[in-house]
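The values are calculated or read from the model by the stated rules, or taken from the named source; none is laboratory data. The structure displayed is predicted, hence computed values, not measured ones. Neighbour counts are summed over all protein chains in view; Cβ atoms, including those assigned to glycine, are modelled from backbone coordinates with ideal geometry. Keep in mind that these areas ignore ligands, DNA and RNA; they rest on the heavy atoms of the full protein, side chains included. Shrake-Rupley method; radii C 1.70, N 1.55, O 1.52, S 1.80 Å.
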Amino acid sequence: MQLHRRSLWSLFLVFILCWLVLTCGQPAFAADSDDLIFVPRQAQSVLKLNQRPGSDLLRFFWERFWTSQLAHWGWSWSEINAWVGEGVTVAQLPCPEVCQTPRQLWILPLKRPEAATAFLETYWQAHPFEAQVYQNLPLQVGKDLVTARLGDRLLLASDVETMIASLGSAVTEDGNLAGLAFYQQARPQLEAQSTALYYANLQSLSLENRDLAPTYDRLLVAMKAQNKELHLQALLHRTGDPTLISAPLDLEFLRAQEPMPTLVIAGSHLPEGYSQLTEALADYRFGKTPQGDDIASRLLRDLTADIPVDLTTQIFPLARDRFSLTLWHQADEQWQWAWQTRNTPETPTLLRQLEDLARANGYEVNRLVLNQEAVTAWVKLVLAPQTSEGVVSDVAAAYKQQGDRLLLASSLSVLSPGRNKNKKGAWLPQSLLRQQQGVHGLVYAHWPQLFAPLSQRWPLLQYLNGVSGGGLERLQSITLVNYGVRDRLQHLELILSSKKD
């Protein structure tokens, strides 16, 4: 089905979303968390840069964000560069009532405190402010900026209430983010020497007036750049025990094929995962469209509107156990794909339903032998005046069963065992192959082959590539790994690899 092939790559984006749901005093690391004692526990989000970004893409966004904020205060980078050290922390706090933007708190380490004091004295001489004192600490309260210096730290807040909340949290472990049980449990499990650390309170993104707590309520991400790779390790805290228990994938199940795959997706429990995805997204404001529709369900309807197949009832059940999906982007802008799953008791019934669907669309269901193996193919003849024969055979799909596995592919050539020439997992990042954690799910994308078709469908990618100075085009691969759930902590890792110079 040519129409089916044109939509196939889009449908696999849904599979990515489904796979994601399958996953799903001061603490010991004082060097990384000292400044978090100044962050009130009700903070919506916190970004702590332990060092200035080395990655071109991260440095681009950080410089623009930093420059914009300095301009809002009437400052410039050249004015503060001489006395601001590394380890800048930015926090956003909720408003007690409705406000246009969240309240902000900045914590700046000072490598030259006396220079910072001199700068502030000069600044406040030129701007109206009110001098206040909180716990014997002088505060300078301006219209949109409040400043206070504590030793080698400079605190900046958008209003005096935020500043007082910050100073108050520093004297009580129960009130600051560094003493939060989730943080103390999660931080030691992430990269100790990370370039940056990001925390988010997902409860602030959940929908109001819900009887149950959202699926996830806390997020902690550690970022580190090394050897042309950017690693983002994430821990999500579940509010309840997971109902889906999956075993780690066998890398043999992810065998590479020739040529190098454009996209690989692997996981398990797809039907249940999709159901949990829609439920989880419904917990948060970003999970719905402005019209109030569930994003996942609407996306699935949009992607399947032009093909006569119901993914949730006819395709997803084929992946009740573990599955892997591999796609290749061809030079003629066509896609080839192969999907392997474990056989389940429902498999024969589902295959008969798909065969009936193929016949209803004019395809013949042919049983044949390919390389001494029984294969079923859905084929029909299509007029092709440009060929000498005047017709060509259109293969919608083909499948075969090997032991306890079902192999479903876009063509007979994909099923040929001669394609399996690459070493096992050769396309995976070496750091992933060396690690000892169990992989419960994985998405791998060879980005140079994906960027062009994706940016044509979503022009926003072209815009982001432009404003980032071509940063998206410099990506070589994107790998998303699910390490499963332990003690209600869902462990994920995103690996962005850049092209070699």
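Could you calculate the contour length gain from R64 to Y134, that is, 0.36 nm times the residue separation minus the distance between their Cα atoms, to one decimal place in nm? Contour length minus the Cα-Cα distance gives 21.9 nm. Ranking of M223, M260, M163 by solvent-accessible surface, largest first: M260, M223, M163 (1.4 Å probe, protein heavy atoms only, all chains present). I need the shape label for region 168-239. Rule: rounded when a/c is under 1.5, else prolate if a/b > b/c, else oblate, with a, b, c from the alpha carbon gyration tensor. The shape class here is oblate. Shape of region 320-366 from the C-alpha gyration tensor: oblate (a/c of 1.5 or more and a/b not above b/c, with a ≥ b ≥ c the square roots of its eigenvalues).
Would you work out if region 59-137 is rounded, prolate or oblate? Take a ≥ b ≥ c from the square roots of the eigenvalues of the alpha-carbon gyration tensor; rounded if a/c is under 1.5, else prolate when a/b is larger than b/c, oblate otherwise.
oblate
With Cβ to Cβ distances under 12 Å as the rule, what net charge do the other residues near F182 carry (K, R +1; D, E -1)?
Overall, the nearby charge balance is +3.
Ranking of T67, T479 by solvent-accessible surface, largest first: T67, T479 (1.4 Å probe, protein heavy atoms only, all chains present). Surface composition of region 147-287: carbon and sulfur atoms hold 51% of the protein heavy-atom accessible area at a 1.4 Å probe.
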